[in-house]
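See structure below.
The values are calculated or read from the model by the stated rules, or taken from the named source; none is laboratory data. On a predicted model such as this, the values are computed, not experimentally measured, just so you know. Positions of Cβ are generated from backbone atoms using ideal geometry, with glycine treated the same way; all protein chains shown enter the neighbour counts.
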Amino acid sequence: MTDSSTQRITLTIEDGVAEVRLNRPDKMNALDPAMFDALIATGQQLAQVADLRAVVLSGEGRAFCAGLDMESMSGMLGSGGGEGDSGIGAGRLAARTNGISNRPQYACMVWRELAVPVFAAVHGVAFGGGLQVALGADVRYVTADTRLSVMEIKWGLVPDMAGMVLTRGLVRPDLLRELIYTGRIVTGAEACELGLATRVVEDPRAAALEAARQVAQKNPDAIRAAKRLMQVVEDSGNAAVLLAESVEQDKLIGSSNQREAVRANLEKRAPRFEPVRH
């Protein structure tokens, strides 16, 4: 058994099964620059682990992940969409920093790209970027009352952490459009019906660990071959989709209506958007 930790992630590995836990419970494991770094670093570390068999991705405390940290949202109110404390700024996302992904996208895609199955144990909430991190896993276990949302529209944005790639083939296009356009929150039970989640269980972490341990007892060559085959089936055209996410988000971040969406939410009032003239 090995143990290691970063500022935001704890990692244990036992009998070929790695458990990765988001470890910012006071903020419901919200995504800040340190959490992005920790997710990527942990995924890259696991890619180098000899005889890794399976991974379980879960969250400490009351939630899996509440999405982007509120301080990052507040930072978007700076003039011109500058980076501020958030590490996010207009015109920056289109740069490919990790293969076909940018940094936020890779925090999700790193799990899809691992050679072994990844099981996400999702409880409490998985909102916005938190949902997209969970979607990077091969399988998602939820409780019936887990709350999930493609929440980016609340902040005047679009899903841009590989969500358009990771939901493809899971959610019917018209249902996905509704979720993106409205940002509505769904329960774990409905998420299973929609395709966002795999199965409702009483204890997602226990179920994910049990499934991972079962996988660890199977032929590791066959398991890795099966994941490669699934990636061939699912991943055609990913590079273009990931770049399109970033191009659209770059246009939105720091624009007047996007900043108004953030300001209205922070001030808890109805937004006053400028008319769209093109």
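The table below lists the values:
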quantity: Residue in the range 83-96 that is in contact with a helix residue (DSSP H, G or I) (Cβ under 8 Å, 6 or more places away or on another chain), of a type in the set (Val, Ile, Thr), modelled with pLDDT under 95 and surrounded by 16 or more Cβ atoms within 10 Å (Cβ to Cβ) present; calculated: yes
quantity: Pair list, Cβ < 9 Å and 6+ apart or interchain, from the range 152-180 residues that are under 18 Å from Cys108 (Cβ atoms) to residues that are of a type in the set (D, E, K, R) and part of a loop (DSSP other than H, G, I, E, B); calculated: Glu152/Asp160; Val165/Asp235; Leu176/Arg168
quantity: Residues (in contact with a helix residue (DSSP H, G or I) (Cβ under 6 Å, 6 or more places away or on another chain) and more than 22 Å from Val20 (Cβ to Cβ)) located in the range 175-199; calculated: Leu175, Gly183, Leu194
quantity: Tabulated pairs, the range 134-150, first touching a residue at least 24 places away in the same chain (Cβ under 8 Å), second in a helix (DSSP H, G or I) and acidic (Asp, Glu), C-beta under 9 angstrom, 6+ apart or interchain; calculated: Gly136/Glu113; Leu148/Glu190
quantity: Residue that is surrounded by 14 or more Cβ atoms within 10 Å (Cβ to Cβ), in contact (Cβ under 8 Å) with a residue 24 or more places away in the chain and under 19 Å from the mean Cα position of the chain (by Cα), where the choices are Ala197, Ala261, Ala212; calculated: Ala197
quantity: Flag if Gly156 is surrounded by 20 or more Cβ atoms within 10 Å (Cβ to Cβ), closer than 27 Å to Arg96 by Cα, of a type outside the set (A, V, I, L, M) and at pLDDT below 95; calculated: yes
quantity: Neighbours by Cβ (under 6 Å, 6+ apart or cross-chain): first from the range 45-68, more than 24 Å from Gly183 (Cα to Cα); second modelled with pLDDT of 95 or more and polar (S, T, N, Q); calculated: Glu60/Asn23
quantity: Candidate set from the range 209-222 (those that are modelled with pLDDT of 95 or more and aliphatic (A, V, I, L, M)); member that is nearest to Arg21 (Cα to Cα); calculated: Leu209
quantity: Lys218, sole failed condition from (1) in contact with a strand residue (DSSP E or B) (Cβ under 9 Å, 6 or more places away or on another chain); (2) more than 25 Å from Glu60 (Cα to Cα); calculated: (1)
quantity: Selected residue (criterion: farthest from Gly136 (Cα to Cα)) from residues of the range 223-246 that are of a type in the set (D, E, K, R) and modelled with pLDDT of 90 or more; calculated: Arg224
quantity: Wholly within the range 138-239, helices (runs of 4 or more DSSP H) carrying at least 1 residues that are among the small types (Gly, Ala, Ser), touching a Phe, Trp or Tyr at 6+ places or on another chain (Cβ under 7 Å) and more than 20 Å from Gly124 (Cβ to Cβ); calculated: 204-216
quantity: Matching residues in the range 12-47 - criterion: being under 15 Å from Cys65 (Cβ atoms) and not in a helix (DSSP H, G or I); calculated: Val20, Arg21, Leu22, Asn23, Arg24, Met28, Asn29, Ala30, Leu31, Asp32
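Conditions tested, residue by residue: (1) farther than 21 Å from Val241 by Cα; (2) among the basic types (Lys, Arg).
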position: Ala107; (1), (2): no, no
position: Leu114; (1), (2): no, no
position: Val122; (1), (2): yes, no
position: Val133; (1), (2): no, no
position: Tyr141; (1), (2): yes, no
position: Arg147; (1), (2): yes, yes
position: Ile153; (1), (2): no, no
